Structures are given as C-alpha cells and as structure tokens.
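The values are calculated or read from the model by the stated rules, or taken from the named source; none is laboratory data. In this text the structure is predicted, and so the values were computed from the model without any measurement. A quick note on method: Cβ atoms are made from the backbone with ideal geometry, for glycine too, and the neighbour counts reach across all protein chains shown. SASA here: full protein model, heavy atoms, side chains in, ligands and nucleic acids out. Shrake-Rupley method; radii C 1.70, N 1.55, O 1.52, S 1.80 Å.
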Amino acid sequence: MPKASVTFTLAVRDAAWLKGIKKGDSTDTAAYAAPARRLGAAFTADGARVVVGWDSGAVEAHEVTQKRGRTALGKPVWAAQHLGLLSFTLLAEDVLVTAGRTELRAHRDGEPVGEVSLETDARVTALAADGTRALIGFADGSVAAWQPGGALVRLGGLDGPIVGLAAIARDTVAAATAGAAAVLRGGVIARTLPSTDGPITALARGTSAGAFVWGTAAGAVVWADASGEVTRKQQLQVQQDSHLGLLHRDGRGNLLSLARRGKQLFVTTLEPTGLRFAGPAAEVDDFSSAPATDGLVARVNDNQLMYLGQDAAVRFTQELPKGAVRAAHMSPPSYEPRVTRDGSALILGLSDQRAAELRSTTGAVLARADNFSGYFAGALALGQDAALVWFRGDAFRFTAAGSEPLPLKVLDAAPIERTGGAFVLVRTEDDTGRLIELDAAGREVAEIATIAADDVGSTSGLFVSEDGSLFKASVYDSTRGEHVPRCWLREGATFRASPAPWTGHDWPCISPDGRRAAWQSGDAWLVHDTHDGRELARIPLKDAWLGEFDGAGRLVLKSQGRLHWFDADGQPLAEVALPGKERVTPPVTRLLALGGKLVVLAVTPLGAFALGAKGDPAPLAHPAALAATHSLVAVGRGWPLEVADLH
C-alpha cells in the first residue's frame, strides 16, 4: 500500500505551449506532444509555401526555399488549430479551409476569419477548392459549396458517400462515389458515369477546361470531359519481386508458407491446384518462420514476432528482446521462436542472456530459466500449454505456473505431435546416451536406444513422424568418424530398429504416417517405403532443394521456379508456378493535379506515377506524395515533410 496519497492535476494547454517544450527541459514539464499522423498537404498557388496538416488538429505553413540547388522547407510562417480536423484545402488568396467533425472553418495567415456549423450527424468525406469557395462532400452523398462568411449552398446529391470532388468549369462540379462519377451543373446531375474498373477511390481535375480524372481500387485511371464522356483509360501496373519461404505442415495437414510480395507478407496455402494467398499481414523487409498447430509463427524485421492463422489473422504480436535466438544465426540452424500447441504462450530463447522464457500473448513472463554454465540449445511445445527447454544439459518444463527443473541432462529433442510428448537424447551419469520417449507431462515412458559415451556428444537430427510411429536420429560413430542414420518403428509398447536408407549427410522429409521418406541424392529425389524398405520412385529434379509431405501423404518439391506435386508413390500429380517477378495493379489512393506536360500524379501504396496527355505512366521515386505543383512534390517523410523536384 502507498504510504501517502498522491494528487495528479491535468492541465489543458494549447499547441503553442506544446511547441515551447524543448529537449533537456526539467522533469517538472509534465506534458509531451503525442505522435501525430499527417492528413495531407497543399501548395499555395505560386508554390512559394506548402501547408501540412495533422490529425492532432495542427496546420502549419512553411516557406519553400532553395539551398545549394536543393529545395527545402523554411521555418513555419503561420500556424492554425482545428480540433477534430478531418481534412483541409487552400482557396484563392491563400485562404485555408479546415473541416472538423462539427464545423467548417476559414483561416487567413493562421487566424480564423469565418465558421459555419454542420448539421447533426453530417460527416465530411471530401473537400476541394473552387476559386474563393470550398466544395464539400458528405457521407450521405450530399455536395455543397461554402464561401467563407456565408452559408452552405447545396449543389446536389449522389447515392453513397462522396470520395472525391473537383471544380471543372464555371458552375460545373465533378463528384464521385465508390460506384460512379457524376457531373453536377446548376444544382442537378447532368451526367452519371458508372465505374467499370473497380470502386472509385480518388478524383481530381484535369489540366484542360472541363476535364477531370478518377482512380480506382483496381489501379485504373480514367479521364472524362465536362459532357460526361470518358476520353481515356490507363491501367497502372507495378513489377515486384516475390519470395516463398520454408514449407510447414500445420495440425490439419495443410502445407503453409510465408510469402513476401513486394514489401507485403502473406500466409500462403499450398495445394496441387495452386497457391492461395491470405493477407497482407504486415509490411516487411525480411522474415523467417516456424510451424504452429493452426498457423505459422512469423519473425519479421528481426525484432517482431507475429502468430498468424491460415487466413493471416494476427493472433498476437510481440516485440522480441535483443538476443532472441533465430535459426539463421545458429550453425546448424536449429531454433526459431515458437508457440505452445494451444497458442496461449510464446516459447523464447535468449542467447546473449543464456536464458529462456515462456511469455503470455501480452508479453508477460510466465516462466524463465537462466543457465550461466551453458548456452540455450532448444525448446519445443510439450502437451497443450507447456514447453520443454534445454541448455545442452539442464532441462526445464515451462508452464503458466512457472519453471520446473527436470531430472534429465537433455542434449537434443523432437516433438511427438500425436501424444504431445517428446523424443529426447539424454546423457547419463556415466556419460553414455539414451534415446527416450517423454509423455506430455515430461515423464519418461519408454527407452528406445542407447548411445556409446564417445558418440553421444555429436549425435543429433532427432525426428518423429506426426503419428508417432517412426523415430529417427543421426548417431555419430566415433570408430568410423561419421554420422550414421538410424530408425526405429513403434510396435505397440516396443520399438524395432529399422535400416535407414539415406546417408548421414542427407536430410529426409517424412510423411505424417511415417511410411514414406524422400530426400535428395545427387541429381534426383528418392522416395522410399520405410516399412518395407523399398525404393518407390526416383524423381530427376536436380534443382529441387526443399521438400515436404502434406497431410494426405502427397510430396511437394520446391525448385527454382515451381512447386512439383507427387502422390504417395512418387508419381507426378501437378506443377505450380512460384510467384517471381509479378505485375500487380495497386489501388490509387490519391490523385494530384499537375500542370505543364504532365496531367496528374497517381499515388499508390507501391509508388507514384506521373501521367501525361498521352504515353505510358512514368514511375516516380515519391510513393508518399501528398501534394504537387507542375515542378514540386511534397512527400510524407521527414519532419514535417520533404519537398522535392517533381522531375
């Protein structure tokens, strides 16, 4: 209990007071500017100033200057504030109009010069300039005009929320909903143009009198004139690299993989009929993955973990601490962060701390073990909500109740999905090795084999088929100086040793029922019946480097550009092309009217494109473009933003 009561006082301050807070101020300063999101930007008519607005309600105007041949922003020349700011635009004579949740407001040099209240439940969805008046679109489809100092004047109405507006001629306005564009003249709809190229997402005026242009969610850019005739269409396309990661089988037998398409991460389901992409789940530079019972565990950008379902739904996400083990940093690759079988906790190894943790979905540490005499060696799910963790010797069972030491010196282990237990290599007191089976509670239930003392330290490669019928290990033979593969088949309560047809240098994949094994040998992949000891097929695919069986026993091999599917006996079923360099049609998120030879700048999540009166779109290096003139573009990066040469 606290020894004394504490009183907190909340003080309301304006934006100017927040700007006065400087780095290094004392801890008595008890207010901090919250992170803000840019709502947009606008250039003045002469391009000498650019205005930027934030969702905090702050709007600032900056001088555009030239320094050493480069365009830059000067200090703010004026600032305005409108709490609840939704959008803004610049009228003639540099009058700023801001739209809030309950009112429209006009500003000159940062000072309010006019205001009009909106009707109850009216919500502004679009705002554009028309000389000295503002055009306003509403969620109910209404279109109105406002001259600062006057009242709102209704211009017409469409069916659906307004997504874009543009003044295209005297008393003529182009407006758009998601389904159609329309020309409003004299307060009535003169022409309606249904969109045949996907939902409309943006609209802007053209450079010629009466022309306007709209963009769609399917990446189409459509030009029309004041009479309502479509004069031109252009389809935006972006070529992007794609990469398919490791193959994993989930608890239902589905083969899943993470795929990066451009910068976006997808969960991919692999089938003989093709690939099904779900997502995107995140924007990433790099990624790795580990299997889960009903999805995948994705590690993205090195320090973030996401537990994803087959539909790319994010079950939980966590920031990983420094030193979290990843397979790419270990030799041989052996561990990635994983989740318990019920998905309730994260199993994490910390190499620089020589520790391991079990964390809840919110990041709380449920169990932890530190071992200063040995490095973290591995971990796996045990039962439904527990984990087995080992440090090349000492072993622990993690649960939500804490960490429990186990009376075993564990050197390696593999999960047994059918029982929730584990296949474990342990070192005994006399330094010999034992291969044993643990149940879901971490108790020994069977001994499978023994390993000589000289061989146990280098024995590795433990694996159990999904149904728990086949166990394999790569046992080191010190007399021969090499690894020798060994297999055991479960027969009731006992285990029978079975010859392993692959060599100690091979990494076979095993079918869920343990009856099939496939591995690469020279220029071919061999498919073998592990129970009968027969070779079933020899598949001549020398460039295939990754293989896995799905839940139905079908084998898929990944080559440089294709997935090759085979039945349980190694006979071809199908081939599926892998995404490599894809041409995609990104949605248009913003259209910026330009001048000169260029007509409009189309902004998409994958880049911006300058479109002229004719010719193909020209890609620009400004994907976050917010505003533009015939020669300058304001880009949403840096603080408060960057201004660059358009060309």
*When the Karplus curve 6.51 cos²θ - 1.76 cosθ + 1.60 is applied with θ = phi - 60°, which whole-Hz ³J(HN,Hα) does each residue of the stretch 281-286 get, with x for Gly and Pro?*
9, 6, 9, 9, 9, 9
*³J(HN,Hα) across the stretch 579-594 via Karplus (A = 6.51, B = -1.76, C = 1.60, θ = phi - 60°), whole Hz, x for Gly/Pro?*
x, x, 9, 9, 9, 10, 10, x, x, 7, 9, 7, 10, 10, 5, 10
_Would any residue of the stretch 355-369 have its amide N under 19 Å from a label point 7 Å out along Cα→Cβ of Glu404? List them or say none._
356-360, 366-369
*What do you reckon, how do Leu308, Leu406 stack up by accessible area (1.4 Å probe), largest on top?*
Leu406, Leu308
_How much accessible area per residue does the chain have, counting only protein heavy atoms and a probe of 1.4 Å, in square angstrom?_
47 Å²
*Dipole size in debye (nearest 20) for the chain around its Cα centre, Lys and Arg Cβ +1, Asp and Glu Cβ -1?*
1800 debye
*Under the rule of -39500 (n - 2.57) per DSSP H run of 4 or more residues, summed and divided by the residues of the chain, what mean residue ellipticity at 222 nm is obtained, to the nearest 500 deg cm²/dmol?*
0 deg cm²/dmol
*Farthest positive-ward along the stretch 359-509 dipole, Cα basis, beta-carbon charges - from Ala473, Trp390, Ala453*: Trp390
*In range of the label at Lys581: residues from the stretch 235-250 whose backbone nitrogen is under 13 Å from the point 7 Å along Cα→Cβ*: 238-242
*Would you mind checking Lys409/Lys542; Lys542/Lys581; Lys322/Lys542 for any pair whose Cα atoms are more than 29 angstrom apart?*
Lys409/Lys542; Lys322/Lys542
_With every protein chain left in place and a probe of 1.4 Å, what is the accessible surface of Thr192, to the nearest 10 Å²?_
80 Å²
*Taking all protein chains together and a probe of 1.4 Å, list Thr530, Thr585, Thr231, Thr479 from the most accessible to the least accessible.*
Thr479, Thr231, Thr585, Thr530
_With +1 assigned to the C-beta of every Lys and Arg and -1 to the C-beta of every Asp and Glu, and no other charges, what is the dipole magnitude of the stretch 413-463 about the Cα centre in debye, to the nearest 20?_
220 debye
*Go ahead and run the numbers for FRET between Ala364 and Ala169, Cβ-Cβ distance against an R0 of 56 Å, rounding to 0.05.*
0.35
*Computed from the mean reciprocal separation of all distinct C-alpha pairs, what Kirkwood hydrodynamic radius does the chain have, in Å?*
29.4 Å
*asked:* For a quick check: with amide H placed at 1.01 Å from N, whose amide H comes under 5 Å from Ala449's, ignoring anything fewer than 5 positions away on the same chain?
replied: Leu435
*Positive end of the charge dipole of the chain (Lys, Arg +1 and Asp, Glu -1 on Cβ, about the Cα centre): tell me which of Trp488, Leu346, Gly228 has its Cα farthest that way.*
Gly228
*asked:* Taking amide H atoms as placed 1.01 Å from N in the peptide plane, list the residues 5 or more away in sequence, or in a different chain, whose amide H sits under 5 Å from that of Gly228.
replied: none
*Taking all protein chains as present, what is the carbon and sulfur share of the accessible area of the chain, in % to the nearest whole number, probe 1.4 Å?*
50 percent
*asked:* P(r) for the stretch 28-159, please, calculated from all Cα pair distances in 5 Å bins and given in %.
replied: 2, 10, 19, 22, 18, 12, 8, 5, 3, 1, 0
*For Lys75, go through the aspartates and glutamates and keep the ones whose alpha-carbon is under 20 Å away, minus same-chain ones fewer than eight residues off.*
Asp14, Asp46, Glu60, Glu63, Asp94, Asp109, Glu111, Glu642, Asp645
*asked:* Using amide H atoms built in the peptide plane, which far-off residues or other-chain residues are under 5 Å from Ala608 H to H?
replied: Leu620, His622
_List residues of the stretch 223-253, by number, whose backbone nitrogen lies under 17 Å from a label position 7 Å along Cα→C-beta of Thr293._
249-253
*Given the chain, longest segment not containing exposed loop GluC sites (Glu not before Pro) (DSSP; at most 14 other Cβ within 10 Å)*: 430-647
*Would you give the gap between the C-alpha center of the stretch 441-488 and the C-alpha center of the stretch 53-129, rounded to a whole Å?*
71 Å
